[in-house]
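In what follows, a single structure is set out as structure tokens and then discussed.
The values are calculated or read from the model by the stated rules, or taken from the named source; none is laboratory data. The structure displayed is predicted, hence computed values, not measured ones. Glycine also receives a Cβ, built like all others from the backbone with ideal geometry; neighbour counts cover every protein chain displayed. Remember, those area values only see protein heavy atoms, side chains included, never the ligands or the DNA or RNA. Shrake-Rupley method; radii C 1.70, N 1.55, O 1.52, S 1.80 Å.
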Amino acid sequence: IVVAGAGPAGLAAGLSAAHMGSRAAVAGPQASRSDGRSAALFDGSVRLLKRLGVWPHIAGASEPIDGIRLIDATASLLRAPEVVFKSCEIDLPAFGYSILNRDLTAGLETTANGRLTRIVCGSVSIRAIEAGRVVLNTSEGVELTASLGAAADGRTSAARTAAGIGVRSWAYPQGAVV
């Protein structure tokens, strides 16, 4: 299995394939250590990361989300009241965990060492999709052939586009402060 994209989603997909007994490779650029974005990991994601052996590498870098406050900031005359949810109200230590993408990626990379092949490259493109195999090329000219390919190369995925998989998008005019 070859995964196009080496961010958190690509590394998790590659580790999952390796965990299930497949030979897996993840191809894509090295993650930026200056990435200031963060992820909110909820129960399903935390359970997956624990099962893959990643959680011990990132638990110390994560912060529990023990409260969620919803505020209607529309400034309309009839606004919804502010609502606060506390995880302790439902006997949970946290709803989930917030972690910087760079720390999440570092933990995934540490766990991936020796468990899957990591191909650092500028980009990955699909050259061919045939019955039973996919052929990808890196921007450096390396050809990768696998029985299954996965696109995890971002929201504007070149691999997904090359595979002819369409997307539907819409505006979601809300914001979040963490």
Task: FRET efficiency, residue 22 to residue 98 (Cβ-Cβ, R0 30 Å, nearest 0.05) - done: 0.45
- [ ] Place a +1 charge on the Cβ of each Lys and Arg in the chain and a -1 charge on the Cβ of each Asp and Glu, then give the dipole magnitude about the Cα centre in debye, rounded to the nearest 20.
- [x] 360
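Rounded if a/c is under 1.5, else prolate if a/b beats b/c, else oblate: with a ≥ b ≥ c from the C-alpha gyration tensor eigenvalues square-rooted, which is the range 1-68? Intermediate values should be presented prior to the final figure.
Details: a/c = 2.44, a/b = 1.39, b/c = 1.75.
Oblate is the answer for the range 1-68, as a/c is 1.5 or above yet b/c matches or exceeds a/b.
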Open item on the list: I want the antiparallel fraction of DSSP beta bridges within the chain, as a percent rounded to 5.
Closed with: 70
- [ ] Report the charge-dipole magnitude of the range 60-161 in Debye, nearest 20, computed about the Cα centre from +1 at each Lys and Arg Cβ and -1 at each Asp and Glu Cβ.
- [x] 320
TODO: Could you tell me whether the range 47-178 comes out rounded, prolate or oblate from its Cα gyration tensor? Rule is a ≥ b ≥ c as square roots of the eigenvalues, rounded for a/c under 1.5, then prolate if a/b exceeds b/c, otherwise oblate.
DONE: oblate
Task: Peptides ranked, highest mean first, by Cβ atoms within 10 Å: ranges 9-21, 74-86, 33-45, 149-161 - done: 9-21, 149-161, 33-45, 74-86
- [ ] Could you provide, to the nearest whole Å², the per residue accessible area of the chain with probe 1.4 Å?
- [x] 63
- [ ] Set Lys and Arg Cβ to +1 and Asp and Glu Cβ to -1, take the dipole of the chain about its Cα centre, and tell me which of 137, 49, 97 lies farthest positive.
- [x] 137
TODO: Tell me the label-point distance for the pair residue 165, residue 130, using the 7 Å Cα-to-Cβ offset, in nm and rounded to one decimal.
DONE: 2.2
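If each DSSP helix of 4+ residues adds -39,500 (n - 2.57) and the sum is divided by the residues in the chain, what number results at 222 nm, nearest 500 deg cm²/dmol?
After summing the helix terms and dividing by residue count, I get -6500 deg cm²/dmol.
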- [ ] Grab the Cα-Cα distance for residue 82 and residue 35, subtract it from 0.36 nm times how many residues apart they are, and report the gain in nm with one decimal.
- [x] 13.7 nm
